[in-house]
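Report on the structure given below.
The values are calculated or read from the model by the stated rules, or taken from the named source; none is laboratory data. Everything numeric in this text was worked out from a predicted model, so none of it was measured. Here the Cβ positions follow ideal geometry from the backbone for every residue, glycine too, while neighbour counts run over all protein chains shown.
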Amino acid sequence: MVALTSISKNHDFEHYLLTERANSMSKQRTVSLLSEVGICLLTLAVVWGKFLSYQLIVWFIVSVGAALLSWYCHQDIEEGRRGFSSRYWLRRSAFCFFLSGLLWGMVPWFFFAQEYSVFLIWVYAGYVAGVMCVSIAYTPSFLMFALGISLPFATRLLVEGGDQYQLMSLQLAFYVAMLTFVSVNMQKLFLVSTRSNFENILYMQQLAQEKETALNAVRSKDQFLAAASHDLRQPLNAMSLFIDTLSNKNLDHSGSSAVVKIRQSIRALNSMLHGLLSIAQLNSSSLQNNPVHLLINSLVDQVQDEYRQIAEKKGVRIINRIASEQVVLADKLLLERVVRNLVDNAIKYTSDAPVVIYGEQPDGEFVLTIKDSGIGIPFDQQENIYDEFYQLNNPSRDRQKGLGLGLAIVKRICSLMGASLQLESKVGVGSKFQLSLPVGDASLVFQEGSPPDVKLEGLTVLVIDDEEDILDGMQRVLSDWGCHPVLAASHDQALQLLTHQTLVPDLIITDFRLRETASGIDVANALREEFNMHTPVILITGETSPRQVKEAFLADVVVMYKPIDSNDLENVIKQLMFSWQQELAN
């Protein structure tokens, strides 16, 4: 296999060398034409009047014609004509050089005079040297020209007789020999340079192939995550809905305890799937950085409340020391995800010690610090912690410690936000993550108001999903809230049910992926047009592929990711219906 590869590479190099030779000489064709025509005119002017005019004119026309022929022959390589052969091109080029040299070599035979001998020697020497420079890529062309011009020239000097002309003839021979030696060496340099360029091209092609292989691997991973995420989230979403329904029933202590355990398991799996989703979103560049002026203390308080119970079970206290009036300029959702992941990571590796969150404001920046007193990170592994699926001190892959995506997500989000992230850590002492953010303007802080309590009783909710378990779970949850659910597996079935019951939906909840490659967004938009209303839509999806994630974010719908929590769904519906009622009122 190695031998065959070598032969193939050598064959490719021979073809590449021939082409480069032809290209190198072709680039000089216009300069060569102008030079030759100029020297012909100069020669004609110098010897005019000494020889017969018609002979000089015939020689001039033939020489210029040969120069034009050479120019024409040398342009084929650039035109890239069909059937082009670089080897044949070079042979034809060598013939053109020989013909040109022969025409100049015949000058002493037809137009020789003692008073012009110095001029002819000057023309000869300059012409031979010039051709050598033009033909450094292909020495045979120079040799053919030198042969064509030198033999007639030297022979004419010998025929003229006398010691002076014989010495000049020997000098011409020595001159051609020396230029031939120089031409051979220059061609060797050309060969070395050409081989180096050829090897560089091979290396670049190899790198391009390896890059394409890596990109294909990334694309395959994203496609796998998208398919696996959707297939796993479907039964998980149905399970979550049934558990939420079951938790509202009157169960004994044993049943209630089992429900709590099941809910914890679902939340752990949900957290892992959301981590995979975050990585897919960052890979697809579907997340956008939209900075606003916000109170960092309020954001940290929300995260603190979210993790308080988890931290207390490990004997960890979360201490927020950020001033209540401190304002930063950042994307609220992205910054909240960064703080949440850093706090979650600190709690996982800390026991019976505090996690302190504080801030400093040096040089016009706000430095958010999250410090723990956990196990610490060895110096030689501090760069690896930002790699996907990399975890310290978790050889058994304890699911309680996640998948090792938290810090990878933090690093990528910080890069998206343009915020620097620093780490200081010492084994046995703890770790300190510092995030630098621009300082915001307190007068531009957007104060979020809570909408009044929206009653869901009597709300007509159209649910579209092709999974019977999902429809069953949604019916139970919505019925418990006093809603009137209308369940359908497709657009046609939904339209038929609504028409039959003479109902107009107040809200549409649809899955993203439906049967027969139908999109939940397309179905919702079709129903909006059918009822001539911009009905609120909640899109529930487990998709993580870049194209589908972007499509969901760009659509005028509220997106929720499977598996959904009934409390989150209730809050989203209340927020959405409040906004819809306000819009109708205006």
Query raised in the report: Quick check: anything in region 68-76 at pLDDT below 75 and under 21 Å from Thr194 (Cβ atoms)?
Result: yes
Report task. For residues that are more than 22 Å from Leu514 (Cβ to Cβ) and at pLDDT 70 or above, tally how many sit in region 219-244. Result -> 3
Query raised in the report: Which is of a type in the set (Ser, Thr, Tyr), at pLDDT below 70 and either part of a helix (DSSP H, G or I) or surrounded by 18 or more Cβ atoms within 10 Å (Cβ to Cβ) (or both), of Ser256, Ser265?
Result: Ser265
Report task. Can you tell me which residue within region 331-341, out of those that are out of contact with any Gly (no Cβ under 8 Å at 6 or more places or on another chain) and within 14 Å of Val300 (Cβ to Cβ), is surrounded by the most Cβ atoms within 10 Å (Cβ to Cβ)? Result -> Val338
Query - Residue check for Pro485: in the same structural domain as Glu467 (by TED's automatic domain parsing) and more than 44 Å from the chain's Cα centre (by Cα) - result: yes
Query - Set Gly374, Gly359: member being closer than 17 Å to Phe433 by Cα, more than 33 Å from the chain's Cα centre (by Cα) and at pLDDT below 85 - result: Gly374
Query raised in the report: In region 435-450, is there at least one residue being among the β-branched types (Val, Ile, Thr), in contact with a Lys or Arg (Cβ under 7 Å, 6 or more places away or on another chain) and in a loop (DSSP other than H, G, I, E, B)?
Result: no
Report task. Have a look at Val128, Val123 and point out the one that is closer than 20 Å to Val37 by Cα, touching a Phe, Trp or Tyr at 6+ places or on another chain (Cβ under 9 Å) and surrounded by 21 or more Cβ atoms within 10 Å (Cβ to Cβ). Result -> Val128
Query raised in the report: Which pairs have Cβ atoms under 9 Å, sit 6 or more apart or on different chains, and link a residue in region 485-507 that is in contact (Cβ under 8 Å) with a residue 12 or more places away in the chain and assigned to a loop (DSSP other than H, G, I, E, B) to one that is surrounded by 14 or more Cβ atoms within 10 Å (Cβ to Cβ) and among the charged types (D, E, K, R)?
Result: Ala489/Asp465; Ala489/Asp466; Ala489/Glu467; Ser490/Asp466
Requested in this report: Scan region 463-484 residue by residue and report those that are of a type outside the set (Asp, Glu), part of a helix (DSSP H, G or I) and in contact (Cβ under 8 Å) with a residue 40 or more places away in the chain.
Outcome: Ile470, Gly473, Met474, Arg476, Val477
